[in-house]
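In what follows, a structure is listed as C-alpha coordinates, so that the remarks can point back to it.
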Amino acid sequence: MKFGAKLINTENIEQFTEIVSTVNKLCSKGSGGKTCIIKLNHDSMCFVLPEFASNHMLFYNSGQVSFWMRIDALLLFDFYIFEGKSIEKSSVMIEILPENLLHVLKSTPNVKNLKLKLANKQTVCLSIEIEYCGISFKSKSRTIIHDIPVKIISSSFMAMKDFQEPNLKDTALSIQMPGLKTLKHMIERMKAMGDHITIEATKNGDLTIRIQTECVSVSSYFKNLPVQVKKNELCSYSMRLSIRRMNDFINSIQVKPDKIICNFINNKYAHFLVIQNGNLVLHYLISSILD
(Lines give C-alpha, C1' and ligand atoms only; values in the text may rest on other atoms or scores of the structure.)
Protein backbone atom coordinates (compact mmCIF):
# COMPACT_ATOMS: atom_id res chain seq x y z
CA MET A 1 0.00 0.00 0.00
CA LYS A 2 1.26 3.46 -0.92
CA PHE A 3 -0.21 6.90 -0.30
CA GLY A 4 1.21 10.36 -0.80
CA ALA A 5 -0.23 13.82 -1.52
CA LYS A 6 1.20 17.31 -1.88
CA LEU A 7 -0.27 20.82 -1.80
CA ILE A 8 1.68 23.76 -3.21
CA ASN A 9 -1.01 26.17 -4.34
CA THR A 10 -2.04 28.50 -1.48
CA GLU A 11 -5.71 28.46 -2.52
CA ASN A 12 -5.73 24.65 -2.46
CA ILE A 13 -4.15 24.61 1.01
CA GLU A 14 -6.85 27.01 2.22
CA GLN A 15 -9.58 24.93 0.61
CA PHE A 16 -8.27 21.72 2.20
CA THR A 17 -8.21 23.49 5.58
CA GLU A 18 -11.85 24.59 5.06
CA ILE A 19 -12.80 21.00 4.17
CA VAL A 20 -11.17 19.57 7.30
CA SER A 21 -12.77 22.34 9.40
CA THR A 22 -16.19 21.37 8.00
CA VAL A 23 -15.56 17.68 8.76
CA ASN A 24 -14.41 18.51 12.29
CA LYS A 25 -17.56 20.53 13.01
CA LEU A 26 -19.82 17.84 11.55
CA CYS A 27 -18.14 15.17 13.68
CA SER A 28 -18.34 17.25 16.87
CA LYS A 29 -22.08 17.75 16.26
CA GLY A 30 -22.75 14.16 15.21
CA SER A 31 -24.53 11.45 17.13
CA GLY A 32 -21.35 9.45 17.80
CA GLY A 33 -17.84 10.40 18.81
CA LYS A 34 -15.51 12.99 17.31
CA THR A 35 -13.59 10.64 15.01
CA CYS A 36 -14.15 10.18 11.30
CA ILE A 37 -13.09 7.70 8.64
CA ILE A 38 -10.90 8.75 5.72
CA LYS A 39 -11.32 6.42 2.76
CA LEU A 40 -8.46 6.65 0.26
CA ASN A 41 -8.84 5.61 -3.39
CA HIS A 42 -6.70 6.07 -6.48
CA ASP A 43 -8.52 9.30 -7.42
CA SER A 44 -10.46 10.44 -4.36
CA MET A 45 -10.40 11.05 -0.63
CA CYS A 46 -13.62 10.51 1.32
CA PHE A 47 -14.53 11.63 4.85
CA VAL A 48 -17.24 9.55 6.50
CA LEU A 49 -18.90 9.49 9.92
CA PRO A 50 -17.88 6.13 11.53
CA GLU A 51 -21.43 4.89 12.07
CA PHE A 52 -22.46 5.95 8.58
CA ALA A 53 -24.33 3.56 6.33
CA SER A 54 -26.91 5.19 4.09
CA ASN A 55 -28.94 2.01 3.86
CA HIS A 56 -29.22 2.00 7.68
CA MET A 57 -30.70 5.49 7.98
CA LEU A 58 -34.24 4.15 7.87
CA PHE A 59 -33.58 2.32 11.13
CA TYR A 60 -32.05 5.29 12.94
CA ASN A 61 -33.88 6.99 15.77
CA SER A 62 -35.67 10.15 14.70
CA GLY A 63 -33.41 13.18 14.47
CA GLN A 64 -30.23 11.18 13.86
CA VAL A 65 -27.64 12.46 11.38
CA SER A 66 -24.81 11.18 9.24
CA PHE A 67 -22.53 12.47 6.49
CA TRP A 68 -20.31 11.35 3.63
CA MET A 69 -17.94 13.71 1.77
CA ARG A 70 -15.97 13.03 -1.39
CA ILE A 71 -13.03 15.11 -2.63
CA ASP A 72 -11.68 14.77 -6.15
CA ALA A 73 -8.07 14.32 -5.08
CA LEU A 74 -6.66 14.77 -8.58
CA LEU A 75 -8.21 18.24 -8.80
CA LEU A 76 -7.51 19.44 -5.26
CA PHE A 77 -3.97 18.17 -4.70
CA ASP A 78 -1.00 19.27 -6.78
CA PHE A 79 0.34 15.72 -6.47
CA TYR A 80 -1.61 12.62 -5.41
CA ILE A 81 -0.79 8.93 -5.51
CA PHE A 82 -2.50 5.92 -3.97
CA GLU A 83 -1.84 2.25 -4.61
CA GLY A 84 -3.84 -0.43 -2.82
CA LYS A 85 -2.55 -3.79 -1.70
CA SER A 86 -4.15 -5.46 -4.70
CA ILE A 87 -6.79 -4.97 -7.39
CA GLU A 88 -9.40 -6.39 -5.01
CA LYS A 89 -8.23 -4.16 -2.15
CA SER A 90 -8.01 -0.91 -4.12
CA SER A 91 -8.81 1.38 -1.19
CA VAL A 92 -7.95 1.79 2.47
CA MET A 93 -9.86 3.29 5.39
CA ILE A 94 -8.27 5.01 8.37
CA GLU A 95 -9.88 6.39 11.51
CA ILE A 96 -8.64 9.78 12.67
CA LEU A 97 -9.53 12.67 14.95
CA PRO A 98 -10.17 15.52 12.46
CA GLU A 99 -9.51 17.97 15.30
CA ASN A 100 -5.85 16.88 15.31
CA LEU A 101 -5.56 17.32 11.55
CA LEU A 102 -7.23 20.72 11.69
CA HIS A 103 -4.86 21.86 14.47
CA VAL A 104 -1.88 21.08 12.25
CA LEU A 105 -3.37 22.82 9.21
CA LYS A 106 -4.33 25.95 11.15
CA SER A 107 -0.82 26.30 12.55
CA THR A 108 0.62 26.76 9.08
CA PRO A 109 1.09 30.47 8.23
CA ASN A 110 3.51 31.25 5.39
CA VAL A 111 3.38 27.69 4.10
CA LYS A 112 5.49 26.90 1.05
CA ASN A 113 4.12 23.39 0.59
CA LEU A 114 2.45 20.60 2.51
CA LYS A 115 2.92 16.83 2.10
CA LEU A 116 0.81 13.97 3.47
CA LYS A 117 1.68 10.29 3.64
CA LEU A 118 0.89 7.18 5.66
CA ALA A 119 3.83 6.03 7.76
CA ASN A 120 4.54 3.31 10.28
CA LYS A 121 6.47 4.85 13.19
CA GLN A 122 5.95 2.37 16.04
CA THR A 123 2.28 2.87 15.20
CA VAL A 124 0.47 3.77 11.98
CA CYS A 125 0.19 7.53 11.54
CA LEU A 126 -0.66 10.20 9.02
CA SER A 127 2.60 12.07 8.59
CA ILE A 128 2.32 15.72 7.53
CA GLU A 129 5.46 17.50 6.39
CA ILE A 130 5.15 21.29 6.21
CA GLU A 131 7.74 23.53 4.62
CA TYR A 132 7.50 27.13 5.82
CA CYS A 133 8.73 30.14 3.90
CA GLY A 134 11.53 32.15 5.50
CA ILE A 135 10.50 35.09 7.66
CA SER A 136 12.60 37.42 5.57
CA PHE A 137 13.81 37.33 1.97
CA LYS A 138 17.28 36.15 3.00
CA SER A 139 16.25 33.61 5.65
CA LYS A 140 16.00 29.91 4.79
CA SER A 141 12.79 27.92 4.77
CA ARG A 142 12.22 25.39 7.55
CA THR A 143 10.41 22.05 7.65
CA ILE A 144 8.33 20.59 10.48
CA ILE A 145 6.85 17.08 10.52
CA HIS A 146 3.65 16.27 12.43
CA ASP A 147 2.64 12.63 13.03
CA ILE A 148 -1.06 12.04 13.76
CA PRO A 149 -1.95 8.54 15.06
CA VAL A 150 -4.56 6.73 12.93
CA LYS A 151 -6.25 3.35 13.01
CA ILE A 152 -6.54 1.11 9.94
CA ILE A 153 -10.15 -0.06 9.47
CA SER A 154 -11.02 -3.54 8.22
CA SER A 155 -11.56 -3.70 4.48
CA SER A 156 -14.11 -6.50 4.72
CA PHE A 157 -16.91 -6.52 2.17
CA MET A 158 -19.53 -5.37 4.68
CA ALA A 159 -17.37 -2.50 5.92
CA MET A 160 -16.61 -1.34 2.39
CA LYS A 161 -20.29 -1.56 1.44
CA ASP A 162 -21.30 0.59 4.41
CA PHE A 163 -18.88 3.32 3.37
CA GLN A 164 -20.02 3.64 -0.23
CA GLU A 165 -21.54 6.86 -1.57
CA PRO A 166 -25.22 7.20 -0.55
CA ASN A 167 -27.73 5.78 -2.99
CA LEU A 168 -30.28 8.32 -4.23
CA LYS A 169 -32.53 5.91 -6.12
CA ASP A 170 -35.40 6.40 -3.62
CA THR A 171 -35.40 10.20 -4.01
CA ALA A 172 -38.89 11.48 -4.74
CA LEU A 173 -38.04 15.13 -5.33
CA SER A 174 -34.88 17.28 -5.39
CA ILE A 175 -34.91 21.04 -4.92
CA GLN A 176 -32.10 23.59 -4.76
CA MET A 177 -32.02 25.44 -1.45
CA PRO A 178 -31.57 29.21 -1.02
CA GLY A 179 -28.03 30.54 -0.53
CA LEU A 180 -26.02 29.56 2.54
CA LYS A 181 -26.14 33.05 4.09
CA THR A 182 -29.92 33.17 3.72
CA LEU A 183 -30.30 29.74 5.32
CA LYS A 184 -28.01 30.62 8.23
CA HIS A 185 -29.89 33.82 9.00
CA MET A 186 -33.31 32.15 8.75
CA ILE A 187 -32.50 29.03 10.78
CA GLU A 188 -30.73 31.10 13.45
CA ARG A 189 -33.84 33.17 14.00
CA MET A 190 -36.21 30.20 13.96
CA LYS A 191 -34.03 28.27 16.42
CA ALA A 192 -35.15 30.54 19.26
CA MET A 193 -38.83 29.80 18.59
CA GLY A 194 -39.06 26.01 18.83
CA ASP A 195 -37.49 22.59 18.40
CA HIS A 196 -38.68 21.48 14.97
CA ILE A 197 -39.07 22.87 11.47
CA THR A 198 -41.03 21.61 8.51
CA ILE A 199 -39.52 21.78 5.03
CA GLU A 200 -42.01 21.45 2.17
CA ALA A 201 -41.30 21.48 -1.56
CA THR A 202 -43.58 21.30 -4.60
CA LYS A 203 -43.08 20.08 -8.15
CA ASN A 204 -43.26 23.71 -9.28
CA GLY A 205 -40.11 24.70 -7.38
CA ASP A 206 -41.85 26.30 -4.40
CA LEU A 207 -40.13 25.83 -1.04
CA THR A 208 -41.58 26.56 2.40
CA ILE A 209 -39.61 26.42 5.65
CA ARG A 210 -41.95 26.68 8.61
CA ILE A 211 -41.81 26.56 12.40
CA GLN A 212 -45.04 26.20 14.35
CA THR A 213 -45.64 26.09 18.08
CA GLU A 214 -48.60 26.73 20.36
CA CYS A 215 -47.61 30.41 20.52
CA VAL A 216 -46.23 31.25 17.10
CA SER A 217 -46.19 30.21 13.46
CA VAL A 218 -43.52 31.57 11.11
CA SER A 219 -42.97 30.58 7.48
CA SER A 220 -40.43 31.56 4.82
CA TYR A 221 -41.41 31.12 1.16
CA PHE A 222 -39.18 30.73 -1.88
CA LYS A 223 -40.50 30.56 -5.46
CA ASN A 224 -39.24 29.14 -8.75
CA LEU A 225 -36.26 27.25 -7.35
CA PRO A 226 -34.56 24.64 -9.57
CA VAL A 227 -36.38 21.34 -8.97
CA GLN A 228 -36.21 17.79 -10.28
CA VAL A 229 -39.11 15.40 -9.81
CA LYS A 230 -38.05 11.76 -9.58
CA LYS A 231 -41.44 10.29 -8.63
CA ASN A 232 -44.72 11.80 -9.78
CA GLU A 233 -46.81 10.39 -6.95
CA LEU A 234 -47.50 13.60 -4.97
CA CYS A 235 -47.76 17.32 -5.74
CA SER A 236 -45.58 18.18 -2.75
CA TYR A 237 -43.31 16.56 -0.20
CA SER A 238 -42.58 17.62 3.36
CA MET A 239 -40.25 16.69 6.19
CA ARG A 240 -40.28 17.53 9.90
CA LEU A 241 -36.71 17.93 11.18
CA SER A 242 -34.87 18.83 14.34
CA ILE A 243 -34.01 22.52 14.05
CA ARG A 244 -30.93 21.93 16.20
CA ARG A 245 -29.65 19.33 13.73
CA MET A 246 -30.43 21.64 10.82
CA ASN A 247 -28.63 24.52 12.51
CA ASP A 248 -25.60 22.32 13.26
CA PHE A 249 -25.42 21.30 9.61
CA ILE A 250 -25.71 24.83 8.18
CA ASN A 251 -23.15 26.29 10.59
CA SER A 252 -20.69 23.44 10.03
CA ILE A 253 -20.23 24.31 6.36
CA GLN A 254 -16.92 26.16 6.15
CA VAL A 255 -16.44 25.70 2.41
CA LYS A 256 -18.02 28.00 -0.19
CA PRO A 257 -20.63 25.82 -1.93
CA ASP A 258 -21.93 26.48 -5.41
CA LYS A 259 -25.29 25.02 -4.39
CA ILE A 260 -27.11 23.04 -1.71
CA ILE A 261 -29.76 20.55 -2.81
CA CYS A 262 -32.40 18.96 -0.60
CA ASN A 263 -33.54 15.47 -1.62
CA PHE A 264 -36.78 14.14 -0.13
CA ILE A 265 -36.37 10.40 0.51
CA ASN A 266 -39.87 8.96 0.87
CA ASN A 267 -40.65 11.43 3.70
CA LYS A 268 -38.37 9.36 5.96
CA TYR A 269 -35.23 11.48 5.95
CA ALA A 270 -33.83 14.58 4.27
CA HIS A 271 -30.72 14.18 2.20
CA PHE A 272 -28.75 17.40 1.67
CA LEU A 273 -26.19 17.61 -1.11
CA VAL A 274 -23.49 20.30 -0.88
CA ILE A 275 -21.51 20.82 -4.10
CA GLN A 276 -18.41 22.97 -4.62
CA ASN A 277 -16.36 23.53 -7.78
CA GLY A 278 -17.09 20.05 -9.05
CA ASN A 279 -14.33 18.65 -6.80
CA LEU A 280 -16.26 18.36 -3.54
CA VAL A 281 -19.56 16.65 -2.76
CA LEU A 282 -20.96 16.47 0.78
CA HIS A 283 -23.93 14.24 1.60
CA TYR A 284 -25.66 15.07 4.88
CA LEU A 285 -28.61 13.03 6.13
CA ILE A 286 -31.13 13.96 8.83
CA SER A 287 -33.80 11.44 9.73
CA SER A 288 -37.29 12.84 10.19
CA ILE A 289 -38.94 13.57 13.52
CA LEU A 290 -41.75 11.12 14.12
CA ASP A 291 -45.01 12.57 15.38
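The values are calculated or read from the model by the stated rules, or taken from the named source; none is laboratory data. Just so you know, these numbers come straight off a predicted model, no measurement behind them. So basically every Cβ, Gly included, is an ideal-geometry build from the backbone, and we count neighbours across all protein chains shown. These area figures cover heavy atoms from the full protein model, side chains too; ligands, DNA and RNA do not enter into them. Shrake-Rupley method; radii C 1.70, N 1.55, O 1.52, S 1.80 Å.
Quick notes
- Derived scalar couplings ³J(HN,Hα) [segment 192-208; Karplus, 6.51 cos²θ - 1.76 cosθ + 1.60; whole Hz; x for Gly, Pro]: 7, 9, x, 9, 9, 10, 10, 10, 10, 10, 10, 5, 8, x, 8, 10, 10
- Size of electric dipole in segment 144-291: Cβ of Lys, Arg +1 and of Asp, Glu -1, about Cα centre, debye, nearest 20: 220
- Summing Cβ point charges (Lys, Arg +1; Asp, Glu -1) relative to the Cα centre of the chain gives a dipole of roughly 440 debye.
- Remark: segment 189-291 carries 49 Å² of accessible area per residue (probe radius 1.4 Å; ligands, DNA and RNA excluded).
- Nearby lysines by direct alpha-carbon distance to Lys112 (threshold 21 angstrom, same-chain neighbours under 8 apart not counted): Lys6, Lys138, Lys140
- Only lysines eight or more places from Lys2 in sequence, or on another chain, were considered; those with a Cα closer than 17 Å are Lys39, Lys85, Lys89, Lys115, Lys117, Lys121, Lys151.
- Probe 1.4 Å - accessible area at Arg210, Å² to nearest ten: 60
- Phi to ³J(HN,Hα) by Karplus 6.51 cos²θ - 1.76 cosθ + 1.60 over segment 70-85, Hz, x for Gly, Pro: 10, 10, 6, 5, 6, 8, 7, 8, 6, 9, 8, 9, 9, 10, x, 5
- Projecting the Cα atoms of Met186, Asn277, Ser288 onto the charge dipole of segment 163-291 (Cβ charges, centred on the Cα centre) puts Asn277 farthest toward the positive pole.
- Here the accessible area is traced with a 1.4 Å probe on the protein chains. For the chain, carbon and sulfur cover 49 percent of it.
- Restricting the calculation to Cα atoms, every distinct pair contributes to the Kirkwood radius of segment 231-291, found to be 12.7 Å.
- Distant-in-sequence amide H partners of Ile153 (H built 1.01 Å from N, under 5 Å): Met93, Ile94, Glu95
- Stokes-Einstein D in µm²/s, Kirkwood radius over Cα pairs - segment 193-255 at 25 °C with 0.890 mPa s viscosity: 187
- In the frame of its principal axes, the chain has Cα extents of 64, 47, 30 Å, reported largest first.
- Estimated vicinal HN-Hα couplings, Hz - segment 39-47 in sequence order (Karplus 6.51, -1.76, 1.60; Gly, Pro = x): 9, 9, 10, 5, 9, 8, 10, 10, 10
- Applying the criteria of a DSSP loop state and at most 12 other Cβ atoms within 10 Å to the GluC sites (Glu not before Pro) of segment 194-291 yields Glu214, Glu233.
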